[in-house]
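Contents: one structure, followed by commentary.
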Amino acid sequence: MTRRELLARGGRVALVAGAAPFGPGLVELASAKSAGIFEELAHELRGDLVRAGAAGYDQARVLFDTRFDAVAPRAVVFCESLADVERTVRWARRHAVRIVPRSGGHSYGGYSTTSGVIVDVSRLKGVALDRHGHAVIGAGARLIDVYDHLAQHGRTVPAGSCPTVGIAGLALGGGVGFASRKLGLTCDNLLEATIVLADGSAVVCNTNRYQDLYWALRGGGGGNFGIVTRLVLRTHPTSQVATYALEWPWADAKAVVQAWQRLAPHAPDAFFSVLNLNAAVGGRPRITSAGQFLGTVDQLRALLKPLSGVGTPTRFTVASHAYLDAQRMWAGCSGTIAECHLPPQGHLGRSTFKGKSSFANQYLSPAGIDTMIRQIEARVSTGSGSGIILLDSYGGAINRVKKNATAFVHREALFSMQFLAYWDPSAAATPNLRWLAAFYAAMRPYVSSFAYQNYIDPDLHNWQHAYYGSNLDRLIAVKRRYDAQNVFRSRQSIPLRRR
Ligand SMILES: Cc1cc2nc3c(=O)[nH]c(=O)nc-3n(C[C@H](O)[C@H](O)[C@H](O)COP(=O)(O)OP(=O)(O)OC[C@H]3O[C@@H](n4cnc5c(N)ncnc54)[C@H](O)[C@@H]3O)c2cc1C
């Protein structure tokens, strides 16, 4: 029991009476009470409650990024039904226990863990098509399972490339991937969500019901308004897709960036492209590009000419794939779908990294490109791991949605820029974080003031504007209406008033 909770539940009396707040008697009383409240919850649940110290606790508590491994929640609740989530929220309110929702556990800021209780919805992972052809998806479904299940019906939803990301965390903050310029963001395809609010009651929101909440859930970010348990998404038919991979000598980097930024954001909607500049400490910098075209290889080859014709590419491959195979390739899944998960189910590993992001609403100037190149070169001798900048093409269907039509405001971007530092978990984080911060700061003069809320960054000072821009006030109003007590909060959750 935390000091705050103890005070809220009667410890106040002991303090007023002059007793030491954590004297032996009180500590025993507190832990007995604590055991009692957890037993109470365990009895109410269909799912499992894993308390600190119990078997499986260490596996249950960790996120994808090992940087947050030191956080020790009091318990992780594995909900198996909507009723489990409702009961857990009511229980938490009754006992003043801090809760945070978790779906896939990939929060860049570690916001899906807490010293309180994690409400995990990963067992709510069903994926089905309803009679309208819409996908009805449990909030905890992983992206690879969403792609896999829908592909069996020849359908898909636009989503991200990481196989283990949770659909809820992704969709609530936007959701960008290889089909987004054609089919929109994941949140643009959200037709309905079921959400458990701060009082423990569930509501279904869509265009007719709770419209303000429905608006906020499309880009307002996870962990702000309640715990989403079920999403209904528009689906699209799949077909063969063409993919490409390009690599150039580093000496071509400037010309390649220039050509890429003029092509990728303005290409036909069916095209999506990533430009990747990276370096590992002690290695050499590399520049590569990869992407997908919802069409034929011949069309893709023709479309790529302004890029593949730049410099002297050392690799240029184009291939045709079944839709699911292409998503598996982007996901890095060479084995079975079952293996394409984190342990204990699959073979994939966790990561130690930090990310930051910007949006380029204008072309990068020659000076901006030079800065980017120099910063990647600096990684070769700074820190202990690797450093990357990923440019994702926007435009197309993403930018045709009005800025205020959903809470996702970034509709004027030419491309997003993701700054990433990876290192070995046994190495010191500081030099790697320092390189990342310096890279980000050096690029500030050349980019917009916005950042992607799904690459949430606890170090970002102007985050309210950066994530939400002109949609912030409306998000605050929704927050006040549905979570006036600020039950669902993190360092960067939507506030109750402008700060
Ligand atoms: C390796 C990697 C690859 C990525 N690739 C992409 C990509 O291709 N495209 C893209 O757009 N993004 C990508 N992301 C970013 C990703 O979209 C976000 O990190 C997203 O928030 C992760 O969702 P999650 O459910 O896995 O994470 P979680 O950590 O579980 O949740 C993220 C946030 O949402 C809250 N939350 C979780 N579940 C719920 C719920 N059910 N109801 C309400 N709030 C909830 C959490 O409390 C937390 O604040 C990637 C991230 C990683 C680590």
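Below is a table of values for the structure above.
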read-out: Odd one out for D145, checked against (1) assigned to a helix (DSSP H, G or I); (2) within 12 Å of the ligand (Cβ to nearest atom); (3) touching a Lys or Arg at 6+ places or on another chain (Cβ under 7 Å); value: (2)
read-out: Among residues of the stretch 278-321, those that are touching a residue at least 60 places away in the same chain (Cβ under 8 Å) and among the aliphatic types (A, V, I, L, M), counted; value: 9
read-out: Every residue from the stretch 473-495 that is among the hydrophobic types (A, V, I, L, M, F, W, C) and more than 23 Å from T88 (Cβ to Cβ); value: L475, I476, A477
read-out: Condition check for Y468: under 22 Å from S107 (Cα atoms), touching a residue at least 60 places away in the same chain (Cβ under 8 Å) and either touching a Lys or Arg at 6+ places or on another chain (Cβ under 9 Å) or not basic (K, R) (or both); value: yes
read-out: Selection count where residues are within 19 Å of D459 (Cβ to Cβ) and touching a strand residue (DSSP E or B) at 6+ places or on another chain (Cβ under 8 Å), scope the stretch 403-428; value: 8
read-out: Condition met for A438 (surrounded by fewer than 18 Cβ atoms within 10 Å (Cβ to Cβ) and not assigned by TED's automatic domain parsing to the domain that holds F225); value: yes
read-out: Residue among R234, R230 that is surrounded by fewer than 24 Cβ atoms within 10 Å (Cβ to Cβ), modelled with pLDDT of 95 or more, of a type outside the set (V, I, T) and within 12 Å of the ligand (Cβ to nearest atom); value: R230
read-out: Any pair with Cβ under 7 angstrom, 6 or more apart, that starts in the stretch 171-184 at a residue that is among the aliphatic types (A, V, I, L, M) and ends at one that is near the ligand (Cβ under 6 Å from one of its atoms); value: L172/G222; L172/V228; V176/G160
read-out: Some residue of the stretch 375-383 being surrounded by fewer than 16 Cβ atoms within 10 Å (Cβ to Cβ) and of a type in the set (G, A, S); value: yes
read-out: Residue check for L185: within 8 Å of the ligand (Cβ to nearest atom), touching a helix residue (DSSP H, G or I) at 6+ places or on another chain (Cβ under 9 Å), closer than 24 Å to A326 by Cβ and not in a helix (DSSP H, G or I); value: yes
read-out: Pairs with Cβ under 9 Å, 6+ apart, first in the stretch 113-129 and over 16 Å from L41 (Cβ atoms), second at pLDDT below 95 and surrounded by fewer than 21 Cβ atoms within 10 Å (Cβ to Cβ); value: S115/T2
read-out: Verdict on T296 being closer than 22 Å to A270 by Cα, surrounded by fewer than 16 Cβ atoms within 10 Å (Cβ to Cβ) and in the same structural domain as E247 (by TED's automatic domain parsing); value: yes
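Per-residue answers, yes or no, for (1) more than 12 Å from the ligand (Cβ to nearest atom); (2) of a type in the set (S, T, Y):
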site	(1), (2)
V85	no, no
R90	yes, no
P101	no, no
G104	no, no
T113	no, yes
L129	yes, no
H132	yes, no
A139	no, no
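The values are calculated or read from the model by the stated rules, or taken from the named source; none is laboratory data. All of these numbers come straight from a predicted model, not from anything done at the bench. A quick note on method: Cβ atoms are made from the backbone with ideal geometry, for glycine too, and the neighbour counts reach across all protein chains shown.
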